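The values are calculated or read from the model by the stated rules, or taken from the named source; none is laboratory data. All values reported here derive from a predicted model rather than from experimental measurement. Glycine gets a Cβ as well: all are built from the backbone with ideal geometry, and neighbour counts include every protein chain shown. Side chains are part of the model used for accessible areas, which takes the heavy atoms of the whole protein and leaves out ligands, DNA and RNA. Shrake-Rupley method; radii C 1.70, N 1.55, O 1.52, S 1.80 Å.
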Amino acid sequence: MKRVMTIAGSDPSGGAGIQADLKAIHSQGVYAASVITSVTAQNAMQVHAVDHLPAHLVRAQFEVLADDIEFHAFKTGMLGNADIVATVAELLARRQAPNVVVDPLVQSTSGVALLDDEGSELLRAKLFPVATVVTPNLGEAESLSGDRIDSIEAMTAAGRRILKFGPRCVVITGGHADFAPGTDVYVDAATTRVLEPDSPVSNPGVHGTGCVFSAVVAARLALGEAPLAAVTQAKLFLSKALRNAMALGSGFVLDTPDNGD
Ligand code: PXL
């Protein structure tokens, strides 16, 4: 069985973060191990509190896993602060980690900071150069590229600007974009591909969509798919999971069944 390591924060509601990653990776028939960076207190509505582990504990989790287990892909989610970003980037580089998917999250859906400003800088400077795929949503792509994004062409231009920080591929997820809801744009050095949704998007305020998308991309890379194929499969999976989203408490979570059934 192929194996993915996810490096991310805990969402005790199970909709986002480590818990969502574990389920999403498992749903692809891939084994998931996890390194926790941060703990949030949240339910299906909002984040109430957040704190981060000391970087040495993040390092210790990573090292004991990597010393013992061969991983076929890695995913990073919430990294919290600059210390953790620098540590994770250094570990991935030193181990020459294959198939690294970076979900460059800065804020929760409800607006809570998931990474400080210095961390955001380091993400581009240190983590992007070791990434195979970076998966910003529109807001993240605007902040990473410095561009205002109001069209598919602007998504492509921002993707190309983010490529310059060193990842092999970038996929900007459109989500709620009013100019093209659910349309994503994939770029690598040689390719630009506009990925249309397979059905009209319905998203009744689900959180964790970015986590599940990037976790499935990592799982598909671990299975040996090329980045564009992995992204295409993850998009199909997410669209089904959104159609089948289920009510949880006062919000909604994605349905991530085994093998997409
Ligand atoms: O959806 C982004 C996200 C990722 N990881 C953790 C989170 C959130 C959003 O709240 O809490 C741990």
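Once all protein chains are placed together, T156 keeps about 30 Å² accessible to a 1.4 angstrom probe. Per residue, the accessible area of the chain comes to 42 Å², computed with a 1.4 Å probe over protein heavy atoms only. Packing-based ranking of 165-175, 213-223 yields 213-223, 165-175, ordered from highest to lowest mean Cβ neighbour count within 10 Å. When peptides 113-120, 191-198 are sorted by average Cβ neighbour count within 10 Å, with the highest value leading, the order is 113-120, 191-198. Straightening the chain between E63 and Q96 buys 10.6 nm, computed as 0.36 nm per residue apart minus the Cα-Cα spacing. Sorting M45, M5 by accessible area puts them as M45, M5; the probe is 1.4 Å, largest comes first, and only protein heavy atoms count. Between segment 66-107 and segment 214-232, the alpha-carbon centres lie 16 Å apart. Segment E121..F179, full-extension length gain: 18.0 nm, with 0.36 nm per residue of separation and the alpha-carbon distance subtracted. Of all beta bridges that DSSP places with both ends in the chain, some 45 percent have antiparallel geometry.
Does a label point 7 Å from the Cα of M45, set along Cα-to-beta-carbon, have any residues of segment 166-208 with amide nitrogen under 18 Å, and which are they? Backbone N within reach: 204-208. Which of the three applies to segment 3-260, rounded, prolate or oblate, going by the alpha-carbon gyration tensor with a ≥ b ≥ c and a/c under 1.5 meaning rounded? Rounded, since a/c falls under 1.5.
Each Cα pair under 8 Å and six or more residues apart adds its separation to the average, and for segment 101-226 the resulting relative contact order is 21 percent.
Using Cα pairs closer than 8 Å and at least 6 residues apart in sequence, work out the relative contact order for the chain, in percent. Reported as a whole number, the value is 20 percent. Accessible surface ranking for R148, R160, 1.4 angstrom probe, highest first: R148, R160.
Structure remark: mean-square fluctuation, Gaussian network model of the chain, C-alpha springs under 10 Å; the largest value among A32, A245, A226 belongs to A226. Spatially close Lys pairs in the chain, defined by Cα atoms under 30 Å apart and a spacing of eight or more places or different chains, total 16.
Using the average count of surrounding beta-carbon atoms within 10 Å as a protection proxy, the listed peptides 57-65, 79-87 rank, highest first, as 79-87, 57-65.
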